[in-house]
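Shown next, in structure tokens, is the structure this report addresses.
Throughout, read-outs are computed from the coordinates displayed, never taken from laboratory work. From a predicted model like this one, the values you see are computed outputs, not experimental measurements. Cβ coordinates were reconstructed from backbone atoms using ideal geometry, including for glycine residues, and neighbour counts include every protein chain displayed.
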């Protein structure tokens, strides 16, 4: 979906002097720390109200940290991941709310097994989107971030996360839809995260190799599959290197999922700040005039912002 170049509702002002609000919608606890975390930490530090909405409890996630002891059952995993999420939100300085759905798990095999009954990805769209519509109407975000239509990778919960976010963005301001879900509110901009773009991976790999350091990204970069991954449009880059430490603290908080000696920490942080000091987004839809590229998710919304349509 391309960004619209004109405001869709001329009655709604696109310059606001009120406190800005950002809603980041994610599928599982830990996604908020691996996708756009430094951005949310930066905006929170600048005084923006930042809320993370987590669609599922992550109950069916595997323990991915080899140094973490086995978790006996999904109920205990649910408890642990709630504790981890609270610690991660504190590290980032953001608010967080659960949408209350059950993790669908990542099906594996050929053919793929059916998804578990009652899981998030199998919910009817209006059922899955209702809690998010209610949250949008209550929190009243100006900007929403989420995943692109592929989910960023083909996890059923990530794809459903995109679908409910797009539905909420479209419907939350319509008084004829979700009538008992609060007073309508129309968010103004919808972005897709670009957390694991091949451009970023290649830049990291080349920087490590040039400095004679071991790169864990080589096989990924050289694989045929990686070369054929389509690169989505990048419209917006947020400078956020100052908040990489907060992002790393949030990642480590998810101890069941994140290996502190693993992939996420393979790039020396001083080198990362030099080579890739930003996080990238794709402006999927805007109800205000925009000028691309942007360096601010709130471009066009700040009270002294002279942004005009491209």
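If packing is taken as the average count of other Cβ atoms within 10 Å, what order do 267-280, 156-169 fall into, highest mean first? Don't jump to the answer; show the numbers that get you there.
Working: 267-280: 16.7, 156-169: 24.1.
Most protected by this proxy first, the peptides run 156-169, 267-280.
GNM on the chain, alpha-carbon springs under 10 angstrom: the most fluctuating residue among 48, 127, 234 is 127. Between residue 259 and residue 82, the simple spin-label model (points 7 angstrom out along Cα→Cβ) gives 3.0 nm.
Subtracting the Cα-Cα distance from 0.36 nm times the residue separation, let me have the gained length for residue 115 to residue 269 in nm, one decimal.
51.6 nm is the gain from fully extending residue 115 to residue 269.
Output the Kirkwood hydrodynamic radius of segment 63-221, Cα pairs only, in Å rounded to one decimal.
Numbers: mean 1/r = 0.0538 Å⁻¹.
Over segment 63-221, the inverse of the mean reciprocal pair distance is 18.6 Å.
Figure legend: label point modelled 7 angstrom from the Cα of residue 18 along Cα→Cβ; residues of segment 138-172 with amide N under 11 Å from it are 138-142.
Working from label points 7 Å from Cα in the Cα-to-Cβ sense, the residue 177 to residue 153 distance is 3.1 nm. Once you have a ≥ b ≥ c as the square roots of the Cα gyration tensor eigenvalues for segment 194-304, tell me rounded if a/c is under 1.5, and otherwise prolate or oblate according to whether a/b is larger than b/c. Since a/c reaches 1.5 and a/b is larger than b/c, the shape of segment 194-304 is classed as prolate.
A value for Cα Rg over 2.2 N^0.38 Å was derived from the coordinates, and within the list (i) 0.99; (ii) 1.60; (iii) 1.42 it appears as (i).
With the highest mean first, a sort of the peptides 23-36, 60-73 on other beta-carbon atoms found within 10 angstrom per residue produces 23-36, 60-73.
Could you put 120, 264 in order, starting from the residue whose Cβ has the fewest other Cβ atoms within 10 Å?
Numbers: 120 25, 264 17.
Ascending Cβ contact count within 10 Å gives the list 264, 120.
Taking the chain as a Gaussian network of alpha-carbon nodes connected by springs under 10 Å, the highest mean-square fluctuation of the residues 108, 294, 282 belongs to 108.
Using a ≥ b ≥ c from the Cα gyration tensor of segment 65-137 (square roots of the eigenvalues), is it rounded, prolate or oblate, where a/c under 1.5 gives rounded and otherwise the larger of a/b and b/c decides, a/b for prolate? Please report the intermediate quantities before stating the final value.
On the way: a/c = 2.36, a/b = 1.03, b/c = 2.30.
Here segment 65-137 falls in the oblate category.
From the alpha carbon centroid of segment 132-181 to that of segment 36-99 is 19 Å. Across the chain, the relative contact order, built from alpha-carbon pairs under 8 Å that are at least six residues apart, equals 27 percent.
Starting from the Cα gyration tensor of segment 132-259, take the square roots of the eigenvalues, sort them a ≥ b ≥ c, and report rounded, prolate or oblate (rounded when a/c is under 1.5, otherwise prolate if a/b is larger than b/c, else oblate). Could the numbers behind the result be given before it?
On the way: a/c = 2.51, a/b = 2.05, b/c = 1.22.
In terms of gyration-tensor shape, prolate.
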